[in-house]
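Here's the structure we're looking at; comments come further down.
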Amino acid sequence: MKKFGLIGAAGYIAPRHMKAIKDTGNVLEAAVDPNDSVGIIDSYFPDASFFTEVERFDRHIDKLRRRGQGLDYISICSPNYLHDSHARLGLRNGCDIICEKPLVLNPKNIDFLSEVEQETGKKINNILQLRLHDSIIEMRDSVIRNPKNKKYDIDLTYITSRGKWYNYSWKGAEEKSGGLITNIGVHFFDMLSWMFGPVQDKEVYVRNKEVASGFLELENARVRWFLSCSKKYLPKEAIQSGQKTFRSLSFDNRVFEFSKGFTDLHTKSYQHIIDGNGFSIEDSRPSIKIVSELRDLNISTINHNSHRFLKQY
């Protein structure tokens, strides 16, 4: 049985990590969050120590380590801009790390984390759960079976409804979340580069607090992508079925609507990591580079090469 600590216990994604720790037969020893509204912990680990200050959490896990009772893993669910700092805290306390997406906001921070990994002999594992989704594995296998020089035309749409609170939280502040492209897009850009190879060209046509859209050319694909956190862009069929989230990817005359199948991906990810097969910080580098460069691009007009791939909304 592995012993876990959790940084960031009050947010949207933390319960999935608590469930994954429990479902894999392990225990949460300590958690920290500046918000003390964390009653959800009682559903999983009511005996876990809890702190509202990361300094006291750090002191606690350091004491455990010095007594020979140190934690095995620190799971990080804090705001995106703090991930690298909290990863270093865990590594220096002798823990392997499980970090939510995005691992960092900028590629250069990956290099800094790599140095601390080498210094401590511990590993950072990034949650890249789409690589474990059955439909996406099926798609990637299909791509691998086809000729290497084939170029696919791709439509990617991801809409996840968020209320007015979203833009008033840290998620609405680009310097903390990386903006919409990073906060909700990074998994999909990881998936695309994993399936279709490195980036050759990229453009952004719309980028604001509720919508981002553009064009991405990969080694084996031309992708038009659309991301939104607003329910007004949900397709009629999603609204009629009561869905608040819509994920769709079309290629090779097929449409993969993969809004379902996400429930247990964090548990799969945790088991994958505990078995020694976690995704490394280098696995996360291509997607971090993509979202960082997309954030810095000027808004483009549609050119003759890419206009037929741009999704209009």
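Where residues in the stretch 207-230 are surrounded by 18 or more Cβ atoms within 10 Å (Cβ to Cβ) and over 21 Å from the mean Cα position of the chain (by Cα), which of them is farthest from F188 (Cα to Cα)?
Looking at residues that are surrounded by 18 or more Cβ atoms within 10 Å (Cβ to Cβ) and over 21 Å from the mean Cα position of the chain (by Cα), I get N220.
State the number of residues belonging to the stretch 45-61 that are crowded, with 18+ Cβ neighbours inside 10 Å and either outside the structural domain of P79 (by TED's automatic domain parsing) or part of a loop (DSSP other than H, G, I, E, B) (or both).
Residues meeting the conditions: 2.
Restricting attention to the stretch 1-39, which residues are of a type in the set (D, E), at pLDDT 95 or above and more than 12 Å from Y73 (Cβ to Cβ)?
Scanning the stretch 1-39 gives D23, D33.
Return the residues of the stretch 145-172 that are of a type in the set (A, V, I, L, M, F, W, C) and either closer than 16 Å to M191 by Cα or in contact with a Cys (Cβ under 9 Å, 6 or more places away or on another chain) (or both); say none if nothing qualifies. Show your work before the answer.
First, pick out the residues of the stretch 145-172 that are of a type in the set (A, V, I, L, M, F, W, C): 154, 156, 159, 165, 170.
Within the stretch 145-172, I154, L156, I159 meet the criteria.
Quick one: would you say D42 is at pLDDT 95 or above, surrounded by fewer than 16 Cβ atoms within 10 Å (Cβ to Cβ) and not hydrophobic (A, V, I, L, M, F, W, C)?
yes
Go through (1) among the small types (G, A, S); (2) surrounded by 19 or more Cβ atoms within 10 Å (Cβ to Cβ); (3) within 20 Å of M1 (Cβ to Cβ) for G70 and report which single condition fails.
(2)
Could you tell me which residue of the stretch 41-67 is nearest to G5 (Cα to Cα), considering only residues that are among the hydroxyl-bearing types (S, T, Y) and touching a helix residue (DSSP H, G or I) at 6+ places or on another chain (Cβ under 8 Å)?
S49
Taking the condition of being out of contact with any Lys or Arg (no Cβ under 7 Å at 6 or more places or on another chain), of a type outside the set (S, T, N, Q) and closer than 16 Å to F279 by Cβ, how many residues in the stretch 64-96 meet it?
3
Go through (1) surrounded by 15 or more Cβ atoms within 10 Å (Cβ to Cβ); (2) out of contact with any helix residue (DSSP H, G or I) (no Cβ under 6 Å at 6 or more places or on another chain) for M195 and report which single condition fails.
Among (1) surrounded by 15 or more Cβ atoms within 10 Å (Cβ to Cβ); (2) out of contact with any helix residue (DSSP H, G or I) (no Cβ under 6 Å at 6 or more places or on another chain), M195 violates only (2).
For the stretch 121-157, enumerate the residues that are farther than 24 Å from S213 by Cα, surrounded by fewer than 17 Cβ atoms within 10 Å (Cβ to Cβ) and over 20 Å from the mean Cα position of the chain (by Cα).
Selection gives G121, E138, D141, S142, I144, R145, N146, P147, K148, N149, K150.
For the stretch 150-179, which positions are touching a residue at least 40 places away in the same chain (Cβ under 8 Å) and part of a loop (DSSP other than H, G, I, E, B)?
Scanning the stretch 150-179 gives K150, K151, S161, R162, G178.
Out of (1) among the polar types (S, T, N, Q); (2) more than 18 Å from the chain's Cα centre (by Cα); (3) not assigned by TED's automatic domain parsing to the domain that holds G278, what's the single condition that is false for N109?
Going through the list (1) among the polar types (S, T, N, Q); (2) more than 18 Å from the chain's Cα centre (by Cα); (3) not assigned by TED's automatic domain parsing to the domain that holds G278, N109 breaks only (2).
The values are calculated or read from the model by the stated rules, or taken from the named source; none is laboratory data. All figures in this text were calculated on a predicted structure; none of them were measured in a lab. Here Cβ is always computed from backbone atoms with ideal geometry, including for glycine, and neighbour counts include all displayed protein chains.
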